[in-house]
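Accompanying notes for the structure given below.
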Amino acid sequence: MEKEIYKIEINEIGKFLERPNRFICEAELSDGRKVTAHVHDSGRIKELLYKGNTISLRKAKDISKRKTEWDLISAKAEDGEDILLNSLFHRYISENILRDGEISPLGKADSVRAEVKYGHSRLDYLVEKNGEKIWIEVKGVSLSENKHAIFPDAPSTRACKHLETLMELKEKGDRAGVLLLVFRDSDDFSPNKETDPKFSELFYMAMEKGVEIYPVQLKLKEGKIYYTDKEIKICEEK
């Protein structure tokens, strides 16, 4: 099953040149012009952002409050897959999933609230269903090796904090979960222990405490995001 759940405007197909820092990249447009684009992803993504690789770009609507005229949207993987690399859209994609009872891993919800504060933290969603509170954090997964998806691709103290908060909420009696938006075709998932051992430790600890993990396979084709019902397994801790 495939279902279109979101559409992203794409204005240019170009070539990646370099990434001077984590926030910007230099690109060459189809007409040969060199431009600077904003990179809305703090990960390293070196397997996708290398010189000469095909990328897609969106022109900014209002550049009066920003330094770059373009946004990086996606990059081509070796197998030809178009991989979303702009985390700005994770919010819209995840909300469309959670609000759609047909495809949401939680089923039909009574309410879905975004950016809900809990203590000193702000979690992505609070879903209410049949009188239960279900706290959800969303993580975008763009790194996959031999169809094995892993997260994160750079150490993330923020992601670790989110797991700790979800465990606390679970211990208080609410439900808690992580929605993994997997943007490359993958068969299974595990936390990236080599890159972030702390996150890996907390991930499996959270699972043991009952935090629910929901990997969702997504595809990007011609600017359209599709949900697929492919099952992605969670690998056991090694």
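Output ³J(HN,Hα) for region 114-120: one whole-Hz value per residue in order, computed from phi by the Karplus curve 6.51 cos²θ - 1.76 cosθ + 1.60 with θ = phi - 60°, and x for Gly and Pro.
So the J values, rounded to whole Hz, are 9, 6, 9, 7, 9, x, 8.
With charges set only on the Cβ (+1 for Lys and Arg, -1 for Asp and Glu), what does the dipole of the chain come to about its Cα centre, in debye to the nearest 20?
Around 860 debye, computed over the chain.
Just to be sure I understand: with springs between alpha-carbon atoms less than 10 Å apart, which residue in ASN21, ASN53, ASN192 has the highest mean-square fluctuation in the Gaussian network model of the chain?
ASN21
Just to confirm, what accessible area per residue do you get for the chain at 1.4 Å probe, in whole Å²?
51 Å²
Whole-Hz ³J(HN,Hα) for each residue in region 146-151, computed from phi via Karplus 6.51 cos²θ - 1.76 cosθ + 1.60 with θ = phi - 60°, x for glycine and proline: what do you get?
Using θ = phi - 60°, the values come out as 6, 6, 10, 7, 9, 8 Hz.
When the convex hull of the C-alpha atoms of region 37-161 is computed, what volume per residue in Å³ does it have?
That works out to 160 Å³ per residue.
Can you list which of the GluC sites (Glu not before Pro) found in region 140-238 are DSSP loop residues with at most 10 other C-beta atoms within 10 Å?
GLU194, GLU222, GLU231, GLU236
Once neighbouring chains are kept in place and the probe is 1.4 Å, which whole percent of the accessible area of the chain is contributed by carbon and sulfur?
Carbon-and-sulfur percentage of accessible area, whole number: 45.
Using θ = phi - 60° and the Karplus form 6.51 cos²θ - 1.76 cosθ + 1.60, what ³J(HN,Hα) does each residue of region 44-58 get, whole Hz, x for Gly and Pro?
Listing the rounded values in order: 6, 6, 5, 6, 10, 9, 9, 4, x, 6, 6, 10, 10, 9, 10 Hz.
In the neighborhood of SER186, defined by Cβ-to-Cβ distances under 13 Å, what is the net charge if each Lys or Arg adds +1 and each Asp or Glu adds -1?
Local charge sum for SER186: -2.
Are any of the pairs LYS76/LYS139; LYS3/LYS108; LYS15/LYS230 more than 24 Å apart by Cα-Cα distance, and if so, which?
The answer is LYS15/LYS230.
Could you tell me, in Å, what Rg and Dmax come out for the Cα atoms of region 1-84?
Just the Cα atoms of region 1-84 yield Rg and Dmax of 12.9, 42 Å.
Could you work out the percent of alpha carbon pairs in region 85-226 separated by over 18 Å, rounded to a whole number?
55 percent
Given N residues in the chain, what is its alpha carbon radius of gyration divided by 2.2 N^0.38 Å?
The value comes to 1.03.
The values are calculated or read from the model by the stated rules, or taken from the named source; none is laboratory data. This one's a predicted model, so the numbers in the text were calculated from it and none came from an experiment. Ideal geometry is used to build each Cβ from the backbone, glycine not excepted, and the neighbour counts take in all protein chains shown. The protein model used for the area step is the full one, side chains on, heavy atoms only, and it has no ligands, DNA or RNA in it. Shrake-Rupley method; radii C 1.70, N 1.55, O 1.52, S 1.80 Å.
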